[in-house]
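K.L.:
Encoded as structure tokens, here's the structure I'll be asking about.
Derivation of every value follows stated rules applied to the coordinates shown; laboratory data play no part. Everything numeric here is computed off the predicted structure, so don't read it as measured data.
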């Protein structure tokens, strides 16, 4: 009986050590497991915009700016969701071969974009792909009509544009530089609207869908 009692005491004495050892093993296993990450940050971009008019209008690119707040959630290895709320300048610029001046129509949008963010690799520099959609509401516009503008006047010259909600698809390629809790993203994108700036029922255009190329730099900080 004394031997049995002594063995029980030894077992109870070893339990904390066994439990601590088990916790360490679990912690080591968990340390290699993937944990979701959330980033917050800001973005600046520049875009080259035009509108796909039908009937066609001779155009050049209208350069615009983009300022955005960015939320990125990485829920799976190499796969996340990126949400952007932005002030975005778009529009179009009309040109004529005989003139050095241009007619421009800049439209300012409040833009909400959501992307799937697919990254490659685990190093400091990681390529990534963006696939998503956007929803934009016009909040202002600026029209420039040069004094020597001679072409036939369009019906929308000098007239406010209809405040039509814009929506479309966007895709991009980029590089992410990860430095501890800080992520620097550089990407280029193509954007194309699915709806027109003008209604087909109230204008002479069959199509008036905006499109453009853009380049962005985003600075993100890991918060969770």
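K.L.:
Given a 10 angstrom Cα cut-off, can you work out which residue in 82, 65, 96 is the most mobile in a GNM of the chain?
P.N.:
96
K.L.:
Right, something else. Percent relative contact order of the chain, based on C-alpha pairs within less than 8 angstrom and at least six residues apart?
P.N.:
21 percent
K.L.:
As I understand it, the value is the acute angle between the Cα axis of helix 2-31 and the longest principal axis of the Cα atoms of the chain; what does it come to in degrees, rounded to 10?
P.N.:
For helix 2-31, the angle is close to 20 degrees.
K.L.:
Would you mind calculating the relative contact order of region 84-207 from Cα pairs under 8 angstrom and at least 6 residues apart, reporting the percent as a whole number?
P.N.:
21 percent.
K.L.:
May I pose another question? Debye sum, Cα scatterers, the chain, no solvent: what log₁₀ I/I(0) at q = 0.10, 0.13, 0.16, 0.17 1/Å?
P.N.:
Log10 I(q)/I(0), no solvent term: -0.58, -0.82, -1.06, -1.14.
K.L.:
Go ahead and set up a Gaussian network model of the chain, Cα springs under 10 Å, then flag whichever of 35, 164, 191 fluctuates most.
P.N.:
Greatest mean-square fluctuation among the candidates belongs to 35.
K.L.:
Let me ask something additional. So, in Å, what gap is there between the alpha-carbon centers of region 171-224 and region 47-115?
P.N.:
Centre-to-centre distance over Cα atoms comes out at 7 Å.
K.L.:
Quick one: grab the alpha carbon gyration tensor of region 125-171, order the square roots of its eigenvalues as a ≥ b ≥ c, and give me rounded if a/c is under 1.5, else prolate or oblate depending on whether a/b is larger than b/c.
P.N.:
Since a/c reaches 1.5 and a/b is larger than b/c, the shape of region 125-171 is classed as prolate.
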